[in-house]
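K.L.:
This is the structure, below, for whatever I ask next.
The values are calculated or read from the model by the stated rules, or taken from the named source; none is laboratory data. What you are looking at is a predicted structure, and each value in this text was computed from that prediction instead of being measured. So basically every Cβ, Gly included, is an ideal-geometry build from the backbone, and we count neighbours across all protein chains shown.
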Amino acid sequence: MKTDDKIVTFESYYDPVLAHIVRTRLEANGISCFIADENIIGANPLYNQAVGGVKVKVFEKDIERCREILATEGDLHESDHFEIDNENNTYVVCPFCASTNVGNIAEDKDVGLLNSIANLVNPFHTQKNWHCYNCQHDFE
């Protein structure tokens, strides 16, 4: 086995969708690559941190070319993050698509008053606190 045929981890992402975006950008530029550890994360998203995220694997000889390709695209890691739910101190993961690309829905002051009244009238009414930017669902 030649040293330039060695497969290495190019980058790791906590969001599988971002890993696939990078993979498709690299493949569109003629770089052979694949995704690793996606199935582990899909089976249990809480393993994401333990496994180290979803990995984009490339040949070692292509590392510099990969960096050049992605340098023109900008840094995708800025949207690859974890939100922490302060109530139960866990990572927030979308229950629909298992993405960590979620954000807290900021309450409008006027809407907050209406929600408070709605909760008094119907105590089983639940407020949607999170929004998934991948599948566009709101969830609590």
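K.L.:
Assuming Ala71 fulfils every condition listed in (1) at pLDDT 80 or above; (2) of a type outside the set (D, E, K, R); (3) in contact with a Ser or Thr (Cβ under 9 Å, 6 or more places away or on another chain) apart from one, which condition is it?
P.N.:
The number of the failed condition is (3).
K.L.:
Sticking with this structure for a sec: Does at least one position in region 33-40 carry a residue that is modelled with pLDDT of 90 or more, more than 26 Å from Val102 (Cβ to Cβ) and surrounded by 12 or more Cβ atoms within 10 Å (Cβ to Cβ)?
P.N.:
Scanning region 33-40 turns up at least one residue that is modelled with pLDDT of 90 or more, more than 26 Å from Val102 (Cβ to Cβ) and surrounded by 12 or more Cβ atoms within 10 Å (Cβ to Cβ).
Yes/no matrix, rows are residues, columns are (1) at pLDDT 80 or above; (2) within 11 Å of the chain's Cα centre (by Cα); (3) of a type in the set (Asp, Glu):
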site	(1), (2), (3)
Ile7	yes, no, no
Gly42	no, no, no
Leu46	no, no, no
Val56	yes, no, no
Cys94	no, yes, no
